[in-house]
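Quick note: the coordinates plus some simple rules give every number you see, no bench work behind them. Since this is a predicted model, take the numbers as computed values, not measurements. Here Cβ is always computed from backbone atoms with ideal geometry, including for glycine, and neighbour counts include all displayed protein chains.
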Amino acid sequence: MYRIAFFLLVFVMSNTAPIMAAETSAGLGMTGGFTDNLFSDSGRIHDSYTTPYVSFSLYPSSSLELAANASYTAYRQIPDLGSFLVGGSISYIKVDDAQPVSFFASGELSTRRYGDLYSNYDNIHAGASLTVRHRVMAQAFLKAGAALSSNEYVNAVTGSNHGYGIFTGLTATILENNSLDIEAGYDITRFPNLAGDLSRRQMMQTVDPTTEEDLRTFYYNLHWSRPLAPHTGIGLGYAARRFVGDNNAVTYGLSLDNLSPWTAFWEGKAVSADIKSFIIPNFIVTSSAEYRDISFMDALETSGDESYIRTRADRRTTVSLVVARPIVIQPGTVLQPTIAGGYIANDSTDPLFDYDSLSVSVTLGMHF
């Protein structure tokens, strides 16, 4: 799986112009922030953090982007939660206005490392995707594609998963200013699943017999956007996911906490809205809200000599506000201070995850 990005790089480089003529761009910055609920649970541990970051992009041709990034997040109260992230990606797009078919291919590879106390969450992520679009009308496209992903938790006995999926959809502009994107897909993710042929009573008697199982998920997403005024736009979204087949999939613990590799795997529905405005001169103001009614996979937890099945279903409301002020230092160089704030109210069937949290951050970034 980790070779996918390399093979994609070889392919696209063989079809592009020499790198000697490449254009480049780079960015660097620093984010400082505070949250009053670091682990997003009822424990309400607060902490502040700083995150310096750098990024670099190379454009060997108008169709190809090679990108790399690195960041380090340091926490004041819990140093071992600090993590170093480094990654890279490759993107290749082929579009010809004279042809009805275009395609987009991408690959990515990243690794994150935590301190000793949280080293079970050290991971390597790889992914690749291919999307093909066919123009059926002047402003309407049918799309289809496939994606692969791999997540390796290098110091843990559970958490690693490997998946692939297919998707299809439609993107169109209707009634002049209304943009619509519809997508449906089917994903299969392989992970260590305790269920196998064991009953739940048997699972609670032993944690030894582990089998590899497939979690199948069907999803569809709808997104609509349009301008509200000359300097303001709105977007509305709806997403629904459902586990297909055995809804009693069970994995080891670590599946319910904030750093879990499994929080991205859920079934249920989510609705969202965002408004982006340029009304205030020289400022970009983005406000958003989201509501989720979702359930996670069950988890086998252990406490001393006892084992038990733990379930979790959440109803979560999130609101956020981001204010940015781009400042052009010179042609091609932009300094951008950004202030962001967010609030989460989470109602869960698991008392540990009945919580609310408030976070604020300030970022000073430069792009050149």
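Could you work out how far helix 4-13 tilts from the main Cα principal axis of the chain, as a 0 to 90 degree angle to the nearest 10? Helix 4-13 sits roughly 10 degrees off the main axis of the chain.
Note on the chain: the C-alpha convex hull projects to 20.7 nm² when averaged across all orientations. Compared with the alpha-carbon gap, the fully stretched path from Ser48 to Asp80 is longer by 10.2 nm at 0.36 nm per residue. The three principal axes of the Cα atoms in region 299-368 give end-to-end lengths of 64, 23, 15 Å, sorted in falling order. Other residues whose C-beta falls under 13 angstrom from the C-beta of Asp122 contribute a net charge of -1, scoring Lys and Arg +1 and Asp and Glu -1.
Dipole orientation for region 4-367: of the candidates Val322, His223, Thr333, Thr333 has the Cα lying most toward the positive pole (charges on Cβ; Lys, Arg +1; Asp, Glu -1). In the chain, helices alone account for a calculated mean residue ellipticity at 222 nm of -1000 deg cm²/dmol, with every DSSP H run of four or more residues adding -39,500 (n - 2.57). Shape summary of region 209-368, radius of gyration then Dmax from alpha carbon positions: 20.5, 65 Å. Think of each Lys and Arg Cβ as +1 and each Asp and Glu Cβ as -1; about the Cα centre, that makes the dipole of region 248-350 roughly 700 debye. Between Ala144, Asn69, Tyr118, whose Cα lies farthest towards the positive end of the dipole of the chain when Lys and Arg beta carbons carry +1 and Asp and Glu beta carbons carry -1, centred on the Cα centre? It is Ala144. Spin-label model, Ser320 to Lys94: label points 7 Å out along the Cα-to-beta-carbon direction sit 3.5 nm apart.
For the options Phe34, Phe278, Phe218, a Gaussian network treatment of the chain with springs between C-alpha atoms closer than 10 Å singles out Phe278 as fluctuating the most. In this simple spin-label model, placing a label point 7 Å from the Cα along the Cα-to-Cβ direction at both Ala273 and Tyr343 gives a separation of 1.6 nm. Comparing Ser57, Ser357, Ser303, which has the greatest mean-square fluctuation in the GNM of the chain with Cα pairs linked when under 10 Å apart? Looking only at Ser57, Ser357, Ser303, the largest GNM fluctuation is found for Ser303.
The string of couplings for region 291-299 from the Karplus curve (6.51, -1.76, 1.60, θ = phi - 60°) is 10, 10, 10, 9, 10, 9, 5, 5, 10 Hz, one whole number per residue in order, with x for Gly and Pro. Pick from Ala229, Ala299, Ala270 the residue whose mean-square fluctuation is largest in a GNM of the chain, springs joining Cα atoms under 10 Å. Highest fluctuation of the listed residues: Ala229. Only the Cβ atoms of Lys and Arg (+1) and of Asp and Glu (-1) were treated as charged; on that basis the dipole of the chain about its Cα centre amounts to roughly 1020 debye.
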